[in-house]
Amino acid sequence: MSEKRVALVTGASRGIGAAIVGKLVATDHQVIGTATSQNGVEKIERDHPGHKGLVLDVMNEDSIQGFCDELNNLDLSPSILVNNAGITRDNIMLRMKPSEWNDVVIANLNSVFLLTRHFLKPLVKQKFGRIINITSIVAHSGNAGQANYAAAKAGVTGFTKSLAREVASRGITVNAVAPGFIDTDMTGKLTDTQKEGMLSQIPAGRMGEASEIAAAVGFLASDDASYITGETLHINGGMHML
């Protein structure tokens, strides 16, 4: 690269998102990371001096529009978009509230559409782009108590494939990464019994690391991955094989 490419990572203050920011910074990108709070923004900028943190609530369309306007005002135009931000609202179907369904679909699927739509036109004009969507193993395997999350993430997979077909001729790749059981704050809340049950299903015999997901994103964002599009890269230690 003759100059640093600008990469935008949503949900970047912790877990997988924070690891992705670290990887992209290390591979000489100029990174914008988002968080839902000012504390999260300050953490991103503290961890990566010279890079930008901004507040973004992916569940709020006004917040998304304001965020996009702010990037325009800062004259920042990402050529790499990593849609990572998301939430869970787990419940079995018999007890799932409409709000639990809607919140998860809005945060995990609608936001991907809204952010991608906003940034797509500049990518088409410059004939280069990398769009990388973080999905989940449950989009392909299913998981009891996560019908909302699995449906939203499966939607992201379909979105990825469809958009890849639309923009491949413009030098834009669109791919997804589907993490399995990764050692993050979210999995840290599981009981030892729950963890043992999950680990028994993983041939590798361990949880994955956020850095391993970040490495895959770094590859897909690179010039080495220019002929890969419409794919979902599964990183789960063999827990689910297609």
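In the condition set (1) closer than 20 Å to D90 by Cβ; (2) open to solvent by 10 Å² or more (accessible area, probe 1.4 Å), F159 is compliant with all but (1).
Each row is one residue, and each column tells you yes or no for (1) under 29 Å from V25 (Cα atoms); (2) at pLDDT below 95; (3) crowded, with 17+ Cβ neighbours inside 10 Å.
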| position | (1), (2), (3) |
| --- | --- |
| I80 | yes, no, yes |
| A85 | yes, no, yes |
| N102 | no, no, no |
| F113 | yes, no, no |
| T135 | yes, no, yes |
| A151 | no, no, yes |
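Of the residues making up region 186-242, not one is open to solvent by less than 80 Å² (accessible area, probe 1.4 Å), of a type in the set (V, I, T), in a helix (DSSP H, G or I) and over 30 Å from Q30 (Cα atoms).
Tallying residues that are among the hydrophobic types (A, V, I, L, M, F, W, C), open to solvent by 60 Å² or more (accessible area, probe 1.4 Å) and over 17 Å from K153 (Cα atoms) within region 56-78 yields 1.
Does region 116-131 contain any residue that is open to solvent by 20 Å² or more (accessible area, probe 1.4 Å), aromatic (F, W, Y) and under 18 Å from the mean Cα position of the chain (by Cα)? Looking through region 116-131, none of the residues is open to solvent by 20 Å² or more (accessible area, probe 1.4 Å), aromatic (F, W, Y) and under 18 Å from the mean Cα position of the chain (by Cα). Is it true that some residue in region 2-22 is open to solvent by 20 Å² or more (accessible area, probe 1.4 Å), touching a Gly at 6+ places or on another chain (Cβ under 7 Å) and among the small types (G, A, S)? There is at least one residue in region 2-22 that is open to solvent by 20 Å² or more (accessible area, probe 1.4 Å), touching a Gly at 6+ places or on another chain (Cβ under 7 Å) and among the small types (G, A, S).
Considering every residue within region 152-168, establish whether at least one is touching a residue at least 12 places away in the same chain (Cβ under 8 Å) and outside any helix (DSSP H, G or I). Within region 152-168, not a single residue is touching a residue at least 12 places away in the same chain (Cβ under 8 Å) and outside any helix (DSSP H, G or I). Against the test of being under 30 Å from G238 (Cα atoms), assigned to a loop (DSSP other than H, G, I, E, B) and either of a type outside the set (D, E, K, R) or under 17 Å from the mean Cα position of the chain (by Cα) (or both), the options S111, S136 yield a single qualifying residue, S136.
Let's see how each residue does on (1) more than 23 Å from I20 (Cα to Cα); (2) within 16 Å of the chain's Cα centre (by Cα); (3) part of a loop (DSSP other than H, G, I, E, B); (4) among the aliphatic types (A, V, I, L, M):
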position: P49; (1), (2), (3), (4): no, no, yes, no
position: Q65; (1), (2), (3), (4): yes, no, no, no
position: C68; (1), (2), (3), (4): no, no, no, no
position: L81; (1), (2), (3), (4): no, yes, no, yes
position: G86; (1), (2), (3), (4): no, yes, yes, no
position: I92; (1), (2), (3), (4): yes, no, yes, yes
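The values are calculated or read from the model by the stated rules, or taken from the named source; none is laboratory data. This one's a predicted model, so the numbers in the text were calculated from it and none came from an experiment. Here Cβ is always computed from backbone atoms with ideal geometry, including for glycine, and neighbour counts include all displayed protein chains. Surface areas here come from the heavy atoms of the whole protein model, side chains and all, with no ligands, DNA or RNA. Shrake-Rupley method; radii C 1.70, N 1.55, O 1.52, S 1.80 Å.
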